[in-house]
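J.: Quick one: the structure is below, questions incoming.
The values are calculated or read from the model by the stated rules, or taken from the named source; none is laboratory data. Quick caveat, the model's predicted, so the values are computed rather than measured. Cβ atoms come from the backbone with ideal geometry, glycine included; neighbour counts cover every protein chain shown. Quick note on the areas: whole protein, heavy atoms, side chains included, nothing else; ligands and nucleic acids left out. Shrake-Rupley method; radii C 1.70, N 1.55, O 1.52, S 1.80 Å.
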Amino acid sequence: MSAAALKSRPATLVTGLAILGAFVLVALLAPLIAPYDPIYQDAAARLQPPSFAHPFGTDNFGRDILSRVLYGARIDLQIALIGVAFPLVIGTVIGAFAGFFGGLIDTALMRLIDIILAFPFLVLMLSIIAILGPGLTSFYIAMALVGWVSYARLIRAQILVLKNSDYAMAAVSLGFSRLRILFRHLLPNAVAGSLVFSMSDAVLVLLSGAAISYLGLGVQPPMAEWGVMVAEGQSFVTQAWWITLFPGLSIVVLAFGFSMIGDALGELMGVNE
Amino acid sequence: MTAAHPLLSVRDLTVTVEDGDTPRTLLDTVSLDLNRGEILGLVGESGSGKSLFCRSLVGLLPSRSLKRTGGAVLLDGQDIAGASAVELQAIRGARIGMIFQNPTSHLDPVMRIGDQITEGIRFHQGLGGVEARTAALEIMAQVGFTDPPRQFSNYAHEFSGGMRQRAMIAIALACNPEILIADEPTTALDVTIQAQILTLLLEIRKARGLSIILITHDLGVVAQTCDRIAVMRHGRLIEVGEKRRILSAPAEAYTQALIASHPSMPAEVAPGRSPQSEIVSPRPRALVEIDDLHVRFPVGGGLLSRRKTFSAVGGVSLQILPGETVGIVGESGSGKSTLARAMLGLTPLSEGHVTFDGHSLSLKRAETLKALHSQAAMVFQDPYNSLNPRLTIGETLAEVLRVHRKVPDAAINARVGELLDLVELDRSFAARKPRSLSGGQCQRAGIARALAVEPRLIVADECIAALDVTIQAQIVALFRKLVATMELTLVFIAHDLAVVRSLCQRVVVMHHGRIVEEGPSDRVFSAPSQAYTANLIAAIPDIDPDRPLSGAPLSSPLTKGQPA
């Protein structure tokens, strides 16, 4: 490991955490710092370009974009968090058992994963949401049902390798129980990769959340969410670019923050070595 | 050997690393000459800078943060230390060739061996396809390929470790260099193969007038092959001189220690009870009894072909008495590790019986495993891989104590301290993780974990193979002390015969999954009854340069196995 990598590591981590922290702060303080009510429609101030009164401008209903972006942080962070946490936990447990015990359980689970992966991701998400009905809860359920497969595969592959390590063999020779070997010795060494992946996955979840909302199946208007805002601004993009630009930028910056943290975690945990 | 000026002359070479704010010196004003046709042995522990030295000669520093901050490298009078990347590229390969420790990772797995050899010939000598092929075939024959036209189109994975190393040498020779740098070329190989490769290097030197820098940690290798020896430590060249002078009268204390720790030095008497007793009056009950054991693994097999099995252990019978120290030796693939694992119930038995303390593994599996778990423990080869990297040494030891309920919870910390004392580690190591430990310290922690179960039997599988010689000697001394002070039965598996000789009362020689020879160490080593054992012993590079190396290829033993 070079000294340059050692130096750059905290910088990446600090930048990523700062970006994420800023968004969390904004989400928490949204009611205090937002200049307007995010769903208040001011018919007199429609499609106004950025100005002192409306720094990010207003949309076609006369709603303040800045306030909507600030409130949107609440929903989008929630999407990233819940949309990653459930697949991560479910996938880790399933992958760990499949890899460790092998045999029939493993074969069955792996075929199930193959089936899920055989469908395009968005198509499967849309079908599940279509069955459950539009809304955020449906989105989370769909995410959990589809998203776990990547984590399960990652963890399973790790466990398969670690299972043959000398310390696993040592644990077996010392008569440790199988669950103890799996959860205390193998899993803590296997999760590093999926934690790093979860950060880039957060970006994907954020974008698919936006995409689903854009299609009208996720967050419902008039609630402020960046994906919905981009969708709504789409028809006005030639006259009022600010409606789509600012929520779009927010998605990009938050996504950038997540991937910075992911990179830094990867180096810290030695995943890339 | 005496030329007007040396072929390669290194003057005050200094390399530093930018580590944080303060630069650290990795190579400290190293000056060294290499004469034409000379073999120079560069010895030292890992981290002494010997590999770095050779890499910096050809401008291949492993990281950007490393910088050559001073000194000159004169190749035939021309300073190449400040040469540009393009100039260095022309020197690398064409004038200075390199071979490395691990041929597997340095050969391209998807390129035919022959193509890898011709690549260099075409690049550096500018020959056309057909001429290059002819030249490659010639080199292949020279480095001992038996059938070059056929082997030309084989891939690396189709060769054994020794043949891969020959292929590496062929690639290095392909560019017709004046200097060959060999970085631990035989460390990953069995002794018999090592002897062949070293003999090959000597022949090539003679045939081509090549100068060789041989990096190694094994003084035996140096004694057998080199003309001069340079000893490095902590990035400094501490001693350099003619081989016999250094070996017989080392000036530096470190060199003396290095020579004294070489296992081919006169063997100390193995500890423990007198070995004759087992022959005269058989003990009432063996601790481990192995009877006609077979272990087979399924290999390959597909839809159309029948599933084949590979027999790792084929019909081994062995008795190990309580308190005995038994060494199991053999080349890689001889089945010694499989035997060890089978002994501890870690691998399924295909046929035969393993009995531990009266419990039969094949008849009463659960009961025997329970006995094994609480009375036997294993020490592994790779010290880092054998400890959970996320747990501190203290946590690792405490877990064993807690699971086996060896001591009450309140006394666990005290016991962890005692275990660390036993393996001569400072008690502060309890709070450290394996990553921050050296290989030797990790291995001590691994031994402490084995001792935590208060075992009657310890099986050590190649547990010193990955360590430096001086550390090896320390670990062997530790085992000797433990065996002498505790009621311990030790099964010590190694491919290093000299170590086994100095540690074990009894030795078992394995070959192709069978026991070839078995008996008291003194007898087996001084008067081996089987040709295979004799060859194995002759292949050990002795530190005495006047005892020649046997490079003869091993023939299979005439008799297969011997009743125990």
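J.: Please enumerate the residues belonging to segment A:80-99 that are open to solvent by less than 30 Å² (accessible area, probe 1.4 Å) and of a type outside the set (Ser, Thr, Tyr).
T.: Matches in segment A:80-99: A:Ala80, A:Gly83, A:Val84, A:Pro87, A:Gly91, A:Gly95, A:Ala96, A:Ala98, A:Gly99.
J.: Please indicate, with yes or no, whether at least one residue in segment B:188-201 is surrounded by fewer than 23 Cβ atoms within 10 Å (Cβ to Cβ), over 21 Å from B:Leu7 (Cβ atoms) and of a type in the set (Asp, Glu).
T.: So far as segment B:188-201 goes, yes, one or more of its residues are surrounded by fewer than 23 Cβ atoms within 10 Å (Cβ to Cβ), over 21 Å from B:Leu7 (Cβ atoms) and of a type in the set (Asp, Glu).
J.: On the basis of being away from chain B (no Cβ under 14 Å) and closer than 22 Å to A:Leu81 by Cβ, does A:Val203 make the cut?
T.: yes
J.: From the list B:Ala484, B:Ala452, B:Ala498, which one is buried (at least 21 other Cβ atoms within 10 Å of the Cβ), in contact with a Pro (Cβ under 6 Å, 6 or more places away or on another chain) and of a type in the set (A, V, I, L, M, F, W, C)?
T.: Answer to the check: B:Ala498.
J.: Moving on to the next point. Looking at the structure I just gave you, is B:Ala473 in contact (Cβ under 8 Å) with a residue 24 or more places away in the chain and either outside any helix (DSSP H, G or I) or more than 20 Å from the chain's Cα centre (by Cα) (or both)?
T.: Taking the combined requirement at face value, the residue does not satisfy it.
J.: Out of segment B:369-378, which residues are facing chain A (nearest Cβ under 7 Å) and within 15 Å of B:Leu488 (Cα to Cα)?
T.: Hits for segment B:369-378 are B:Ser374, B:Ala377, B:Met378.
J.: Restricting attention to segment A:159-177, which residues are aliphatic (A, V, I, L, M) and out of contact with any Gly (no Cβ under 8 Å at 6 or more places or on another chain)?
T.: A:Val161, A:Leu162, A:Ala168, A:Met169, A:Ala171, A:Val172, A:Leu174
J.: Still on this structure: Test A:Leu186 against the criterion of being touching a Lys or Arg at 6+ places or on another chain (Cβ under 8 Å), among the aliphatic types (A, V, I, L, M) and open to solvent by less than 50 Å² (accessible area, probe 1.4 Å), and give yes or no.
T.: Considered against the rule, which asks whether it is touching a Lys or Arg at 6+ places or on another chain (Cβ under 8 Å), among the aliphatic types (A, V, I, L, M) and open to solvent by less than 50 Å² (accessible area, probe 1.4 Å), A:Leu186 comes out as yes.
J.: Out of all the residues in segment B:384-405, which are within 11 Å of chain A (Cβ to nearest Cβ), part of a loop (DSSP other than H, G, I, E, B) and closer than 25 Å to B:Leu344 by Cα?
T.: Those that are within 11 Å of chain A (Cβ to nearest Cβ), part of a loop (DSSP other than H, G, I, E, B) and closer than 25 Å to B:Leu344 by Cα: B:Tyr384, B:Asn385, B:Ser386, B:Leu387, B:Asn388, B:Pro389, B:Leu391, B:His404.
J.: Specify which of the listed residues (B:Gln381, B:Gln319) is at the interface with chain A (Cβ under 9 Å from one of its Cβ atoms), in contact (Cβ under 8 Å) with a residue 24 or more places away in the chain and closer than 30 Å to B:Ala534 by Cβ.
T.: Among B:Gln381, B:Gln319, only B:Gln381 is at the interface with chain A (Cβ under 9 Å from one of its Cβ atoms), in contact (Cβ under 8 Å) with a residue 24 or more places away in the chain and closer than 30 Å to B:Ala534 by Cβ.
J.: Over 30 Å from B:Pro383 (Cα atoms), assigned to a loop (DSSP other than H, G, I, E, B), away from chain B (no Cβ under 14 Å) and among the aliphatic types (A, V, I, L, M): does that describe A:Leu145?
T.: no
J.: Look through A:Ile65, A:Ile19, A:Ile75 and report the one residue that is at pLDDT 90 or above and closer than 30 Å to A:Glu267 by Cβ.
T.: Checking each option against the conditions leaves just A:Ile19.
J.: Does segment A:154-162 include one or more residues that are of a type outside the set (A, V, I, L, M), over 30 Å from A:Pro221 (Cβ atoms) and part of a helix (DSSP H, G or I)?
T.: yes
J.: Name the residues in segment B:346-366 that are part of a loop (DSSP other than H, G, I, E, B) and open to solvent by 10 Å² or more (accessible area, probe 1.4 Å), would you?
T.: The answer is B:Leu346, B:Thr347, B:Pro348, B:Leu349, B:Ser350, B:Asp357, B:Gly358, B:Ser362, B:Leu363, B:Lys364.
J.: Could you tell me which of the residues A:Gly218, A:Gly248 is open to solvent by less than 10 Å² (accessible area, probe 1.4 Å) and more than 23 Å from A:Val161 (Cα to Cα)?
T.: A:Gly218
J.: If I go through segment A:37-59 residue by residue, how many of them are open to solvent by 80 Å² or more (accessible area, probe 1.4 Å) and touching a helix residue (DSSP H, G or I) at 6+ places or on another chain (Cβ under 6 Å)?
T.: 0
J.: Does B:Leu490 satisfy the criteria of being open to solvent by less than 10 Å² (accessible area, probe 1.4 Å), more than 14 Å from chain A (Cβ to nearest Cβ), within 19 Å of the chain's Cα centre (by Cα) and not acidic (Asp, Glu)?
T.: No; evaluated as a whole, the condition is false for this residue.
J.: Continuing with the same structure: Looking for whichever is buried (at least 24 other Cβ atoms within 10 Å of the Cβ), of a type in the set (S, T, N, Q) and under 17 Å from the mean Cα position of the chain (by Cα) here; the options are A:Ser200, A:Ser213. Which one fits?
T.: Testing whether each residue is buried (at least 24 other Cβ atoms within 10 Å of the Cβ), of a type in the set (S, T, N, Q) and under 17 Å from the mean Cα position of the chain (by Cα) leaves just A:Ser213.
J.: May I ask you to say which residue of B:Arg480, B:Arg432, B:Arg405 is basic (Lys, Arg) and within 23 Å of the chain's Cα centre (by Cα)?
T.: None of the other options fit; the residue is B:Arg480.
J.: Could you grab me the full set of residues in segment B:417-460 that are assigned to a loop (DSSP other than H, G, I, E, B), hydrophobic (A, V, I, L, M, F, W, C) and more than 12 Å from chain A (Cβ to nearest Cβ)?
T.: B:Val423, B:Leu425, B:Leu437
J.: Shifting gears a bit: Tell me yes or no: at least one residue of segment A:170-182 is away from chain B (no Cβ under 13 Å), open to solvent by 10 Å² or more (accessible area, probe 1.4 Å) and in contact (Cβ under 8 Å) with a residue 60 or more places away in the chain.
T.: Within segment A:170-182 (the criterion being away from chain B (no Cβ under 13 Å), open to solvent by 10 Å² or more (accessible area, probe 1.4 Å) and in contact (Cβ under 8 Å) with a residue 60 or more places away in the chain), the answer is no, since none of the residues qualifies.
J.: For the condition of a type in the set (Val, Ile, Thr) and in a helix (DSSP H, G or I), what is the one hit in B:Ile238, B:Ile246?
T.: Of the residues listed, the single one that is of a type in the set (Val, Ile, Thr) and in a helix (DSSP H, G or I) is B:Ile246.
J.: May I ask you to list the residues in segment A:217-273 that are at pLDDT 85 or above, in a loop (DSSP other than H, G, I, E, B) and of a type in the set (A, V, I, L, M, F, W, C)?
T.: A:Leu217, A:Val219, A:Met223, A:Ala224, A:Val237, A:Ala240, A:Trp241
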